[in-house]
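K.L.:
One structure, as structure tokens, below. Some questions next.
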Amino acid sequence: MSDTTLDAAAATSVAVVHVIRGEVDEGPLLDLGRFTAPELDLDRLVWPRTEPGPAFHVPVAEIVDLLVETGEALKADRAGLLAEALDRMVGVSPLPAEVLERAYAVLWRSFQRPGLYAQIDHELGGADVLDGWREVRLPGDRIAATRAFPPRLVHIIAGNAPGVAAMSVVRGALTKGVNLLKLPSNDLFTATAILRTMAAVAPGHPVVRSFSAVYWRGGDESVESVLFRPQFFDKLVAWGGEATIRGALRYVGPGLELVSFDPKTSISLIGREAFESRQALARAADAGAADATFFNQQACVASRFQFVEGSWEDADRYAALLCERLGVAREFSSADGPRVAAELREEIDVLRLLAPDYRVWGGYDGRGLVIRSPEPVDFHPDGKIVDVVPVAALSEAVMHAGVATQTVGVYPDTRKAELRDALACAGVQRVVSLGGAGGMPPGLSHDGFYPLQRLMRWVNDE
Amino acid sequence: MATAREQIRALVQSGDPFDQPAVGVRELQLEAARETFTAQRERIPLLRTRAQETGVHEITGPDDLVPLLFSHTSYKSYPVSLITAGRWDRLLRWYTTVSVLEPGDVDMDGVRDIDEWTDRITAAGHRPYITSGTSGKVSFLNCDAGDLSFLHDILENLTCWPDPLPPKPTRRGYLLAPASGPMRSVDGFRWHAEVFARPGETRLLTEEPMRVSELMSSALLRRRMAEGTATPQEISSFETASETREQELGAAMDRIVDDIAAHRDEPLLIAGMNNQQFTLIQALRTRGVPGGSLHPDTLVLSGGGNKGRALPDDYQAQFAAFYEGVRRVRSYGMTELQGSCLACEKGNYHVPPWVIPLVLDEAGEKLLNTEHGVVEGRFAFLDVSLQGRWGGLISGDRVFVDFSPCDCGRPGPTVLPDIRRYGDLGGDDKITCAATLDSYVRGMIHG
């Protein structure tokens, strides 16, 4: 689908909206090839340190109310802002329209009160430390106070799933700090649609004025070398993309910290229990398919390698069922996906010729493809492709997890406990029941740390 | 009656293969494409699979060739674990899926490493030319004996085309390369020395053969690093070994520089990849050898592009300035292509008649060839001369191809000088949180 729509988009040149301190930028437009965007005025992208940010003194309860109302407004989308963003996204995103539609339809979920308080309570220990100074008792009867002070943040967000923009706005708002969002070229529209919706809910609200969202080409020195300075910002919050993180690193130094949601990959471990009955195997294959197809495998939580405890024949049975289930539409995936890229197709064609060491199920039409191999394949399975590897025991599969492994889905649930320490030791950050990789619950750690806690500036009164 | 492929191959000895009537060449090419497809489909399993998958059963025109083109990935699609685990017969089986070789053709008994593996294939009358990429995984591109002799014919007849150099051994030779190894440039440099340099008067950068295992060592270490099993000492040793090797080569280069400086009034043969050439030129200038001062019968061979952009953007201009007045081979080519596209008097690269150029869109899916005029796109081709493997390939290069007659008076098509790799033209700024293990390994080791 992408080729024709991309051409169409190029012909009409999509307009990218910039939001500056809560307001839509009406400045002169620049032609950036596939799209147009307002010319950047660097002065307006910073909040001077000589004064507190607009929301520094707004009580948390009020911010939560605003976010909840924003969520409701996103759900209703009366002004059609999300619909407009969705319309433009469809032309430039690698994700199919139906997946984007469903993802947009649930953006509001990130703005629900229980989830917001879960983050505040579990990550910061409560709202008190955001609203004021929390007393801390120290050894020797000393008493001090500490506060989670609002930070100045640049968010370099990822565009492979629209939820990333929602999550960034929520976290940024809860910090009370000032937030500059750099839009990625694969999602130029979601963040600004959310910010405009929030601005419509409470025009001129201090939290609204604490956000800007603009596009510049990632790595553009004329922008980044000027903005990425401790004079203006405390932290660069970078999502994925090796080039992005390495680019951001150049500016990290005293006073400017990197908070990195590193690029990640994910795997699954399927225990021998899956072969105890046909129902069990069907359940495992469906759960494995759900984890592999999250955002049509564009997301970091999406499973790419699945280790099956059993013989080659067992692995083949699982692989065949898994392949069928990859072609099923789910909340965040479509039955059809992008066609398998030519280079991957060639790698896989060669493996087909190496039967019986390798076996392949499915075709290159994007409905899902499974490879069974004696060891993990050298290439990166992408676009609803899963590599199934038989192992004698799940403990053997742990060696294939590493620092780049984010999520490990395990079947059945009861096997998690025996594996989680070893997986954590290997570098894994998240062990889930197979089928539960998508959608991280708010209030838990992300990529090995508590994001809200990392974003704050912790200040003491001793 | 000679087949179309034989007729096309014979053009190399015709005096000027680039000055053939365009229509006649096109017809001959199409017939040769049919011949090669029919023959190779039977012998190369990956081509057979591709033909079945895409439903291409015959070649009626260039459009039918596009779905049959391979990408360079094909030639390095083997599982690295076959090498680390020493499963040489399995690796041979992989090789036979992308070449005309049959598993029974090669004796793999007692093979101990990847160098012996390539030696055995060479002993069977084939040559697995390797190329290395940024991942460290090398490609293996098969040539048979006929392909090698054709390469030799090209160098004897077309070196320095459009004013071919007589094949006379009159020069003092310098090969900025290892003594041997299954790399087309290494063979090419050696053969040029045999034809154009005085016997026994060729100096090498190193007497050591190029070892595939050494070239692959970074890929293998990378894999161990990704698995988390490489130790700090191992990484350190690797880096130290690279530095030591660089120092040794530096010393060898110094000796060559001295020798060239002493013999600069004689006709020389100086052959090396671009990065070695660049180092050499810098050193010669420092040694007081100015640009344009070498003997006019000197023959200079260079190539290899600017991988990883290690050289300054104007390196070609610097080469041209230093080697002003000498005979230079100027061409656009790659290991995947037999006999490069050679530059005419106007500086345009003429596609040889045994190569059907196929300009594709960036995605590599749609054919953009025209009858006349300039087309921008991804360079792909079918080399109908190849026998050892399928000659259809999609490159990573963004080119402009002129299908009209060239200003030099010969018919086209020509590749115009502005050639870039799509990879160097800049990414598209898409950011995702999903990544491969590569992100955690890259940059930690040299190369």
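The values are calculated or read from the model by the stated rules, or taken from the named source; none is laboratory data. Computed from a prediction, not measured in an experiment: that's the story for all the values here. FYI the Cβ positions are ideal-geometry reconstructions off the backbone, even for glycines, and counts take in every protein chain you see. Just so you know, the surface numbers come from the protein's heavy atoms only, side chains and all, with ligands and any DNA or RNA stripped out. Shrake-Rupley method; radii C 1.70, N 1.55, O 1.52, S 1.80 Å.
K.L.:
What quantity of accessible surface, computed with a 1.4 Å probe and excluding non-protein components, is buried in total between chains B and A, in Å² to the nearest 100?
P.N.:
3700 Å²
K.L.:
Another question, then. For each pair in A:K264/B:K137; A:K75/A:K264; A:K182/B:K366; A:K235/A:K416; A:K264/B:K366; A:K384/B:K76, compute the distance between the two Cα atoms and list the pairs where it is over 25 Å.
P.N.:
A:K75/A:K264; A:K182/B:K366; A:K235/A:K416; A:K264/B:K366
K.L.:
Expected output is a single nm value to one decimal: the length gained when fully extending between A:C425 and A:A320, i.e. 0.36 nm times separation in residues minus the C-alpha distance. What is it?
P.N.:
Difference between extended and current length: 34.6 nm.
K.L.:
Here's something else I'd like to know. How much of the DSSP bridge set in chain B is antiparallel, in percent, rounded to the nearest 5?
P.N.:
Bridges in chain B that DSSP calls antiparallel: roughly 65 percent.
K.L.:
Let me make sure I get this right: for the range B:98-144, a, b and c are the square roots of the gyration tensor eigenvalues over alpha carbons, sorted descending. Under 1.5 in a/c it's rounded, otherwise prolate if a/b > b/c, else oblate. Which is it?
P.N.:
Oblate.
K.L.:
Based on DSSP, what percent of beta bridges with both residues in the protein assembly as shown are antiparallel, to the nearest 5?
P.N.:
Just about 45 percent of them are antiparallel.
K.L.:
A follow-up question, please. Among A:A213, A:F233, A:A426, pick out the residue whose Cα is farthest towards the positive end of the charge dipole of chain A, where Lys and Arg carry +1 and Asp and Glu carry -1 on C-beta, about the Cα centre.
P.N.:
Among A:A213, A:F233, A:A426, the one farthest towards the positive end of the dipole of chain A is A:F233.
K.L.:
Label 7 Å along Cα→Cβ of A:E396; the range A:263-299 residues with amide nitrogen under 16 Å?
P.N.:
Under 16 Å, as judged by backbone N against the label point of A:E396, lie A:269-273 of the range A:263-299.
K.L.:
Could I ask something else about it? Given Cα positions, please report Rg to Rh for chain A, the hydrodynamic radius being the Kirkwood one.
P.N.:
0.99
K.L.:
Order of B:315-326, B:339-350, A:68-79 by packing, highest average Cβ count within 10 Å first?
P.N.:
The most tightly packed comes first, giving B:339-350, A:68-79, B:315-326.
K.L.:
What cysteines in chain A have no other cysteine with a beta carbon less than 4.7 Å from their beta carbon?
P.N.:
A:C323, A:C425
K.L.:
With a Förster radius of 45 Å, plug the Cβ-Cβ distance of B:S242 and B:E6 into 1/(1 + (r/R0)^6) and report the FRET value to the nearest 0.05.
P.N.:
Step by step, r from the Cβ atoms, then E = 0.45.
K.L.:
Averaged over peptide B:68-81, how many Cβ atoms belonging to another chain are found within 10 Å of each residue's Cβ?
P.N.:
Taking all residues of B:68-81 together, the mean is 5.
K.L.:
How many partner chain Cβ atoms sit within 10 Å of a residue's Cβ in peptide A:259-266, on average, as a whole number?
P.N.:
Taking all residues of A:259-266 together, the mean is 4.
K.L.:
Going by a ≥ b ≥ c, the root eigenvalues of the Cα gyration tensor, does chain B fall in the rounded group (a/c under 1.5), the prolate group (a/b larger than b/c) or the oblate group?
P.N.:
The shape class here is rounded.
K.L.:
Per residue of the protein assembly as shown, what 222 nm ellipticity follows from adding -39500 (n - 2.57) for every DSSP H run with n ≥ 4, rounded to the nearest 500?
P.N.:
About -11000 deg cm²/dmol.
K.L.:
Same structure, new question: Using only Cα atoms, tell me the angle between helix A:60-76 and the longest principal axis of chain A; keep it within 0 to 90° and round to the nearest 10.
P.N.:
The two axes meet at around 60 degrees.
K.L.:
When DSSP beta bridges are limited to those with both residues in chain A, what percentage is antiparallel, rounded to the nearest 5?
P.N.:
35 percent
K.L.:
For peptide A:368-380, compute the average count of partner chain beta-carbon atoms within 10 Å of each residue's beta-carbon.
P.N.:
Neighbouring Cβ atoms belonging to other protein chains average 3 per residue here.
K.L.:
Given Cα pairs under 8 Å that are at least 6 residues apart, what percent is the relative contact order of the range B:123-181?
P.N.:
After rounding, I find 20 percent.
K.L.:
Percent relative contact order of chain B, based on C-alpha pairs within less than 8 angstrom and at least six residues apart?
P.N.:
Contact order relative to length: 17 percent.
K.L.:
Just to be sure I understand: with springs between alpha-carbon atoms less than 10 Å apart, which residue in B:T229, B:T202, B:T335 has the highest mean-square fluctuation in the Gaussian network model of chain B?
P.N.:
Sorting by GNM fluctuation, first place goes to B:T229.
K.L.:
Pop out the carbon and sulfur fraction of the accessible area of chain B as a percent, whole number, probe 1.4 Å.
P.N.:
It is 49 percent, rounded to a whole number.
K.L.:
Compute the angle between helix A:416-426 and the longest alpha-carbon principal axis of chain A, please, reported from 0 to 90 degrees and rounded to the nearest 10.
P.N.:
Result, in degrees: 70.
K.L.:
Relative contact order for chain A: what percent, with Cα pairs under 8 Å and sequence separation of 6 or more?
P.N.:
17 percent
K.L.:
Angle, helix A:113-124 long axis vs. longest principal axis of chain A, Cα atoms, 0 to 90°, nearest 10?
P.N.:
Roughly 80 degrees between the two axes.
K.L.:
Roughly how big is chain B's charge dipole about its Cα centre, with Cβ charges of +1 (Lys, Arg) and -1 (Asp, Glu), in debye to the nearest 20?
P.N.:
Dipole size: approximately 520 debye.
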